[in-house]
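Engineer: The structure that follows is given in the form of structure tokens.
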Amino acid sequence: MGLLTALAVRLAWAVIYPAKPVSDFHWYYEVGREIADGRGIAYLGHATAIRPPGYPLLVAFANVLSGNRLLADRLLTVALGVGTVWLAYLIARIAFSSELAGRVTLVLVALFPNQIAYSNLIASEMPFTFFTLLGAWVLMRKRPGFAAYVGAGAAFGAALLIRPQGVIAPTVVLVATTWRLGWKTVLRGTVLVCLVMGLLLAPWIIRNDAVFGKPVYSTIDGEGLLEGTFRGSELQGKLIKTSLKLVPETGNPVVDDGNRRRYAIRYIEAHPGRYVGEFPKKIATMYGGDSDAFRWTIEGLHGEHESSLLTWVTIGDTFYDVVLAMSLLGLCLLVIRHRGRRDHWLLPAMVVVITSLSYLPFLALQRYHVPLIPWLTMYAGALSTFVIRSKHTPPADFDGNNERSDTVQAAS
């Protein structure tokens, strides 16, 4: 029922608010069309490596099947959004050894307003979230074997082909499994996961070396660092317009990106205190609300339905504030009740914290925390278990035993 609800509300949103892709979303859409039309990974007819190709390849697949229809791209994102809901439930059930915590997580993520709105945008947030959760669940559900490590490597590799933060979740999960399996066993699995991830990433790196003369991951990292470096300083958010004045273009995107990165690094070395002093403001910006998908929808509809969407902005932020408060309280209760067991109830928090830290050098946006919402919401599910039950079920080891018992109970 929860998954059907998640699907229904996302499909309804797509029908009511069919926003056109704008900004970065337009880039994903156009590159996907170029790939589907056989012109390679290009934007407006020119080869590009601004962003990795994972999501444009998915868009291209949908376009090939549908004849470049935007509806197919939306349906693909909706499907990945629903898959995210299901995977969040499965992981929460294992992490807290509680069917109830998993079900509450499922309901909250299914009804999370901004998550619903993002499922209608041609954005990389939903596919990145889906593949990250998929890889984590494959490793968490039982004692990993060869097939599990290969499957997890493929899922994490797909996430890495969407965002560089795709390396964080596998690192956290593999380190966590060391407690249970021992470092020698996990080391062998880590090598296999990294090998599969590398095999998926290699064609992209080789292509960039052939096209641009350097094996780069993307040609926007330097720009991102430049934006993050000057956030809140003398440029006051006007960096995009003044970037060409700071670092003139040479015509080679790889060289330009390297020049921007070096410019930013020189500034950081000269003003380290000012640079680090911006970090708290960046965290506040990233987590200060959860309604940016509604604003992107307003822009994509050219102001149509603006009044109702602004109402959804308020609803989205309020829902987010409540769940965030619940999650923080749930995490605190888990910390208090922790008894030194080698558990994995802390794993979602580790993913959230490390991923958030990885964004601090760059420009802070609400979009950056969107893939972390399912991980955060798991602690709201744990809190519900505390509230509803008089005694919280102790967290289980990372071996899936309680998951199997929960499954039996649910089936009966």
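Engineer: Condition first: among the small types (Gly, Ala, Ser) and more than 13 Å from LEU363 (Cα to Cα). Now tell me which residues in the range 276-309 satisfy that. Explain how you work it out, then say what you get.
Structural biologist: Here is the first cut: in the range 276-309, the ones among the small types (Gly, Ala, Ser) are 277, 284, 288-289, 291, 293, 300, 303, 307-308.
Residues satisfying the conditions are GLY277, GLY288, GLY289, SER291, ALA293, GLY300, GLY303, SER307, SER308.
Engineer: Specify which of the listed residues (TYR89, TYR29, TYR55) is among the aromatic types (Phe, Trp, Tyr), over 30 Å from HIS344 (Cβ atoms) and in a helix (DSSP H, G or I). Break it down stepwise before answering.
Structural biologist: Working: TYR89 fails: over 30 Å from HIS344 (Cβ atoms); TYR55 fails: over 30 Å from HIS344 (Cβ atoms).
Unique residue meeting the criteria: TYR29.
Engineer: Residue by residue through the range 66-95, note down the ones that are at negative phi and either in contact with a Pro (Cβ under 6 Å, 6 or more places away or on another chain) or of a type outside the set (A, V, I, L, M, F, W, C) (or both).
Structural biologist: SER66, ARG69, ASP73, ARG74, THR77, LEU80, GLY81, GLY83, THR84, ALA88, TYR89, ARG93
Engineer: Filter the helices (runs of 4 or more DSSP H) completely within the range 182-271 down to those with at least 3 residues that are in contact with a helix residue (DSSP H, G or I) (Cβ under 7 Å, 6 or more places away or on another chain) and at pLDDT 85 or above.
Structural biologist: Working: elements: 183-212, 221-229, 239-246, 253-270.
Where helices (runs of 4 or more DSSP H) fall fully within the range 182-271 and carry at least 3 residues being in contact with a helix residue (DSSP H, G or I) (Cβ under 7 Å, 6 or more places away or on another chain) and at pLDDT 85 or above, they are 183-212, 221-229, 253-270.
Engineer: If I ask for residues that are assigned to a loop (DSSP other than H, G, I, E, B), charged (D, E, K, R) and surrounded by 15 or more Cβ atoms within 10 Å (Cβ to Cβ), which ones from the range 288-308 would you list?
Structural biologist: Listed by number, the list holds a single entry, ASP290.
Engineer: Please indicate, with yes or no, whether at least one residue in the range 22-34 is among the charged types (D, E, K, R) and under 23 Å from LYS214 (Cα atoms).
Structural biologist: yes
Okay, residues lined up against (1) modelled with pLDDT under 90; (2) more than 14 Å from TYR17 (Cβ to Cβ); (3) of a type outside the set (Asp, Glu):
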position	(1), (2), (3)
GLY273	no, yes, yes
VAL276	no, yes, yes
PHE279	no, yes, yes
ILE283	no, yes, yes
ARG295	no, no, yes
GLU304	yes, no, no
SER307	no, no, yes
LEU310	no, no, yes
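Engineer: Within the range 92-120, count every residue that is over 18 Å from the mean Cα position of the chain (by Cα), surrounded by 24 or more Cβ atoms within 10 Å (Cβ to Cβ) and assigned to a helix (DSSP H, G or I).
Structural biologist: Of the residues in that region, 6 qualify.
Engineer: So, one more: Examine the range 316-337 for a residue that is crowded, with 20+ Cβ neighbours inside 10 Å and either modelled with pLDDT under 90 or of a type in the set (D, E, K, R) (or both), and state whether such a residue exists.
Structural biologist: yes
Engineer: Which of the residues belonging to the range 64-74 are assigned to a helix (DSSP H, G or I) and surrounded by fewer than 18 Cβ atoms within 10 Å (Cβ to Cβ)?
Structural biologist: VAL64, LEU65, SER66, LEU71, ALA72
The values are calculated or read from the model by the stated rules, or taken from the named source; none is laboratory data. Fair warning: this is a prediction, and the values are worked out from it, not measured in the lab. In this analysis, Cβ positions are derived from the backbone assuming ideal geometry, glycine residues included, and neighbour counts consider all displayed protein chains.
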